[in-house]
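This report concerns only the one structure given below.
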Amino acid sequence: MTTSAAALNASDTSTDATLKAKPALGILGSISSAHMINDMMQSLILAMYPILKGEFSLSFSQIGLITLTYQLTASLLQPLVGVFTDRRPKPYLLPFGMVFTLIGLLLLAFAPNFGFVLLAAAFVGIGSSIFHPESSRIARLASGGQHGLAQSVFQVGGNMGTAIGPLLAALIIVPFGQRSVAWFGLAAMLGIGLLLQVSRWYATHHIVAGNSKKLSIVAPYPRKVVMGAIAILLLLIFSKYFYMAGLSSFYTFYLMERFGLTVQNAQLHLFYFLFASAVGTVLGGPIGDRIGRKPVIWVSILGVAPFALLLPHADLFWTTMLTIVIGLVLSSAFSAILVYAQELMPGKVGMVSGLFFGFAFGMGGLGAAVLGIFADRTSIAFVYQTIAYLPLLGLVAALLPKEVRRT
């Protein structure tokens, strides 16, 4: 094991001892703000779908392919980035990743055809693959032992950015056109500045942790039990993100087709849903710290099922209300799932974060592509009726082993 890898394992396992009394709130705030900027820029792609569809005469299958390109790029690279940085930490990788996102954003602004839109989506995906595993690790290092809270603070930044994207698109991109996306490059530059500050803290903290005595890492369960639990958690991620892909990628089209809303009004409704998801993210982590991750996982996914089943049959008012409840409840799952998985495999924070972020992105992209084809062959309304059954997979959470509470 290299010195840097040993230091990282020491920092992963000694975080509670070194930071328990005083979480690094400034770092958590900075990494959450950078997450907001990162995911806001990513959500601009989602928010621009109606504009891109009209500009390049795209089918729903091609809309799904844009999401697949972005999500697949991110999902394939994230676990690799996590494994690599577990062994060879690279504190200044974070701002480098944001540069890729900036390039993708500029390509999207000036894309002359569908091929360049796909290239832009790929660059944004690469930026995401670098950002998420490393920033999740930093959130854990800065948690002071309150891992669920730290992940929620980190995640809520991303959810807020995702929610703000459609709102900004409605206010700026719809009136001023595709090229106005380039102005959001200023936000990317702000994100690069924030991440440079975070990287300096990360490098300093890593050196301090490396000088401390390396603690032994003991898995809480036998390997077979751990692998089984990881498989269950990934199935739950599939349920959550495949459903979310159908809901978010085609929500504006669903509202426009069924209720006759304008693009701007439909994007405002998308904002309501995504904002509710951000609020749910805040709640999931701290509740998991208090009552355990497993109950939160169980309730957040299975608890959505009744609302999802009602959604395709609701009028506009109740559609809005139901999607707000769905976003609020379902989004509380990810922080709990991620921390649960990290505690199953101590000392492998980067790998676990990369695996789960990557799988989540992959399922989102696959879901968007498959459901886009399905929508072309049937209808968006039929797609919503079909995916409503996915949250019932939350039943498998009952098979998770009882978690080991760490003090």
| request: Could you tell me whether the stretch 128-151 includes any residue that is out of contact with any Phe, Trp or Tyr (no Cβ under 9 Å at 6 or more places or on another chain), among the small types (Gly, Ala, Ser) and free of Cβ contacts under 8 Å to residues at least 40 places away in the same chain? | output: no
| said: Taking the criterion of being open to solvent by 30 Å² or more (accessible area, probe 1.4 Å), touching a Phe, Trp or Tyr at 6+ places or on another chain (Cβ under 9 Å) and touching a residue at least 24 places away in the same chain (Cβ under 8 Å), would at least one residue in the stretch 345-359 satisfy it? | reply: yes
| query | Does SER212 fit the bill of being at pLDDT below 85 and hydroxyl-bearing (Ser, Thr, Tyr)? | reply | yes
| query | Among LEU8, LEU58, which is part of a loop (DSSP other than H, G, I, E, B) and either open to solvent by less than 30 Å² (accessible area, probe 1.4 Å) or modelled with pLDDT of 80 or more (or both)? | reply | LEU58
| message | So GLN151 ticks every box in (1) over 21 Å from MET98 (Cα atoms); (2) crowded, with 23+ Cβ neighbours inside 10 Å but one. Which box is left unticked? | response | (1)
| request: Determine whether PRO312 is more than 20 Å from SER248 (Cβ to Cβ) and either surrounded by fewer than 22 Cβ atoms within 10 Å (Cβ to Cβ) or not small (Gly, Ala, Ser) (or both). | output: no
| Which residues, taken from the stretch 253-275, are at pLDDT 85 or above and either open to solvent by 10 Å² or more (accessible area, probe 1.4 Å) or in a loop (DSSP other than H, G, I, E, B) (or both)? | PHE253, MET256, GLU257, ARG258, PHE259, GLY260, LEU261, THR262, ASN265, LEU268, HIS269, TYR272
| remark: Expected single match for modelled with pLDDT of 80 or more, closer than 18 Å to LEU234 by Cα and in a helix (DSSP H, G or I) among ALA308, ALA360, ALA336, ALA375 is ALA336
| request: State yes or no: is ARG87 basic (Lys, Arg) and surrounded by fewer than 22 Cβ atoms within 10 Å (Cβ to Cβ)? | output: yes
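The values are calculated or read from the model by the stated rules, or taken from the named source; none is laboratory data. In this text the structure is predicted, and so the values were computed from the model without any measurement. Ideal geometry is used to build each Cβ from the backbone, glycine not excepted, and the neighbour counts take in all protein chains shown. These area figures cover heavy atoms from the full protein model, side chains too; ligands, DNA and RNA do not enter into them. Shrake-Rupley method; radii C 1.70, N 1.55, O 1.52, S 1.80 Å.
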